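The structure appears right after this line, and notes come after that.
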Amino acid sequence: KFRQMGRIIPSVTVLLLVFVTSKAFEIEITPEYNVAAQIGDKLELTCSTTGCESPSFTWRSQLDKPLDGSVNSKGSRSILTMDPVGFGNDNEYLCSAFCDHVKKERSIKVDVYSFPSDPVIEISTPMTVGEKASITCMVPKVYPSERLKMQLEKDESVLGTKEFYHEEHTETTETKHLTLTFIPTFEDTGKAITCVAELPIDEMEFEPKKRQTSQRLTVNYGPRNTTVSVTPSTTVKEGGAVTMTCTSYGNPAPKIFWTKHLISGVSQFLSENATLTINNVKAEDLGLYECEGVNQFGREKKTVDLIVQGAYNMIHCKPCFEILGLILLRLKSVRILPFTSVMPRMPLSH
């Protein structure tokens, strides 16, 4: 019997108080629930106890397969480390803790998977308008690959899908492909190609289960919609100035070449600039001018007829003889001085 505050307490009651206030021997394992581990990553399973000063631990796997990991026990904790996680770690693990003659156990299931990176898009180059091209979506190092789903989209419009559920299960990571062929148009330039890959394993908790990659299309095409603008107009007065600007669209951007068609049939190269300016226009500047847009996928031409208004003295304008045919076609806009104004009168013979 014990005396407390003038009262006598039976020893049985004291023993009961000590038993109630001491912690019971318990065990827990973390993560608390089944865990999904990515192949190549590091995973730690921690087994810990309460209510025992010096417990001892053991780890084993289902059917006593190798642990494929290392164990470090200290105090009331024991850690099973898998680094890196491999196919052998796809197992159920049992942690046993002993305190005196009492044994406690907890188990946890480890499921392994592999979905380490976003898809990769490969596009056949160069991609040219009107010619067949292929787009390949590649998903590397997938496991289990038979659960993979793939989809190719163009500006959110589905081009094609592929699933692999019909394939046999193998304990290996695989790279999967989805390849489509299509004929690009002018309108495809700048549109987004997106590859979406999903590994929808409902019985496993991991993120992400969906990955995607997008890439803008670059479509090559030859020059098109080539135009020429003339300032102030295609009819210019002698001594004035005229500017001709050539615009051509293509991918890659076309180079511009200016030439002039001579009466002899020869084309005279003038400039590689988009803008051609002629100051102090002369009679011999009239004629047919041609701008041409050129890239490695084609070429396109546009011509402009330049008319020069003025009083042309045919005797003092030697180049005018070369273009006499053109001048005669433009008699409405060209005034030629009377022949008698440039030649002396011959005396009448008697």
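The values are calculated or read from the model by the stated rules, or taken from the named source; none is laboratory data. Just so you know, these numbers come straight off a predicted model, no measurement behind them. Counting neighbours? That spans all protein chains shown, and the Cβs are built from the backbone with ideal geometry, glycine included. What goes into the accessible areas is simple: the full protein's heavy atoms, side chains included, and nothing from ligands, DNA or RNA. Shrake-Rupley method; radii C 1.70, N 1.55, O 1.52, S 1.80 Å.
A compact table of results
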| read-out | value |
| --- | --- |
| Positions within region 167-211 being part of a loop (DSSP other than H, G, I, E, B), free of Cβ contacts under 8 Å to residues at least 60 places away in the same chain, closer than 20 Å to S145 by Cβ and open to solvent by less than 40 Å² (accessible area, probe 1.4 Å), in sequence order | none |
| Filter pass, K154 being touching an Asp or Glu at 6+ places or on another chain (Cβ under 8 Å), closer than 30 Å to E187 by Cα and at pLDDT below 95 | yes |
| Verdict on V14 being β-branched (V, I, T) and either open to solvent by 70 Å² or more (accessible area, probe 1.4 Å) or at pLDDT below 90 (or both) | yes |
| Candidate set: region 86-99, residues that are more than 26 Å from E203 (Cβ to Cβ) and not small (G, A, S); chosen: the one least open to solvent (accessible area, probe 1.4 Å) | C99 |
| Selection status of V102, under 30 Å from T170 (Cα atoms) and either open to solvent by 40 Å² or more (accessible area, probe 1.4 Å) or out of contact with any Pro (no Cβ under 7 Å at 6 or more places or on another chain) (or both) | no |
| Any hit, region 126-138, residues being outside any helix (DSSP H, G or I), of a type in the set (V, I, T), more than 26 Å from R211 (Cβ to Cβ) and in contact with a Gly (Cβ under 7 Å, 6 or more places away or on another chain) | no |
| Filter result (open to solvent by less than 70 Å² (accessible area, probe 1.4 Å) and either more than 42 Å from the chain's Cα centre (by Cα) or of a type in the set (D, E) (or both)) within region 71-85 | S73, G75, S76, S78, I79 |
| Strands (runs of 3 or more DSSP E) fully within region 217-286 counting 1 or more residues that are of a type outside the set (A, V, I, L, M, F, W, C) and open to solvent by less than 30 Å² (accessible area, probe 1.4 Å) | 221-231, 242-251, 255-261, 267-271 |
| Failed item in (1) open to solvent by less than 40 Å² (accessible area, probe 1.4 Å); (2) over 30 Å from D188 (Cβ atoms); (3) in contact (Cβ under 8 Å) with a residue 40 or more places away in the chain, with E146 passing the rest | (3) |
| Odd one out for E122 among (1) in a strand (DSSP E or B); (2) of a type in the set (D, E); (3) more than 30 Å from A253 (Cβ to Cβ) | (3) |
| Identity of the residue in region 48-78, out of contact with any strand residue (DSSP E or B) (no Cβ under 9 Å at 6 or more places or on another chain) and under 12 Å from N91 (Cα atoms), that ends up modelled with the highest pLDDT | P66 |
| Cross-chain or 6+ apart pairs with Cβ under 6 Å, region 105-124 first and within 19 Å of P208 (Cα to Cα), then basic (K, R) | S114/K141; P116/K141; D118/R211 |
| Among the residues listed as G190, G160, the single one being more than 16 Å from the chain's Cα centre (by Cα) and not β-branched (V, I, T) | G160 |
